């Protein structure tokens, strides 16, 4: 996978809990949600204007409502990569061309080797194995995570049961309506950028949720990510700024052997 593909996939995975928010309840302007799992701790800072996602390492992602882009920031290198509609369209075109070249190579192989070669390529080139279908089913079961009530949903990928989520309402988490709009716009952008890349199947059916996941069980790794804390402390604007001295890098051009 290219750096673009990896960043887009990582951003989508890290932000899996930010989707389809509903009524506000005792809403607060600023919210920080902390998730823990085997891969580390993740802090998701949400304001009406911006969202910042911090993982276990130093790298972090930023989305601002007034600037439709996902910024992947690398403090250790004093640089960042900007993923927006323009860069996504450029990478999508390059990936289409790359897949076309791979299809041409496959067509020259004997039938017996073509299938095995396609499977091998699918692990390296998104879209070579087809585009995955993702759906959601309500199980009817309910649970409580750290005192927050939630409903259990089953993610369906290509017709088979996959990840499991326990979804809490935005009101139960104290999220504001304006923060909802910011989250909604971020995920609309992410979904748009995923289309045509071959990575559509890694996403979650955000539009079908009636709240946001506070527990997520990955069907592949078995890892469980769980909400461990909620804070409504006011967040400084500087937390959502990229230092002016940082250098912007272009998304890496996709390559294949």
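The values are calculated or read from the model by the stated rules, or taken from the named source; none is laboratory data. Values in this document were obtained by computation on a predicted structure and should not be read as measured data. Backbone-built Cβ (ideal geometry, glycine too); neighbour counts: all protein chains shown.
Summary table below
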| read-out | value |
| --- | --- |
| Residues satisfying the stated conditions in segment 79-94, i.e. within 23 Å of residue 59 (Cβ to Cβ) and surrounded by 12 or more Cβ atoms within 10 Å (Cβ to Cβ) | 79, 80, 81, 82, 83, 84, 85, 87, 88, 90, 91 |
| Strands (runs of 3 or more DSSP E) lying entirely in segment 155-253 (those with 2 or more residues that are at pLDDT 80 or above and more than 16 Å from the chain's Cα centre (by Cα)) | 160-168, 224-231, 247-249 |
| Candidate set: segment 35-44, residues that are more than 14 Å from residue 59 (Cα to Cα) and surrounded by fewer than 21 Cβ atoms within 10 Å (Cβ to Cβ); chosen: the one modelled with the lowest pLDDT | 39 |
| Within segment 55-69, considering residues that are assigned to a strand (DSSP E or B) and without any contact (Cβ under 8 Å) to a residue 60 or more places away in the chain, the one nearest to residue 182 (Cα to Cα) | 67 |
| Members of segment 139-154 found to be touching a residue at least 60 places away in the same chain (Cβ under 8 Å), loosely packed, with under 15 Cβ neighbours inside 10 Å and in a strand (DSSP E or B), listed by number | 143 |
| In segment 70-88, residue nearest to residue 246 (Cα to Cα) [restricted to those that are part of a helix (DSSP H, G or I) and in contact with a helix residue (DSSP H, G or I) (Cβ under 9 Å, 6 or more places away or on another chain)] | 87 |
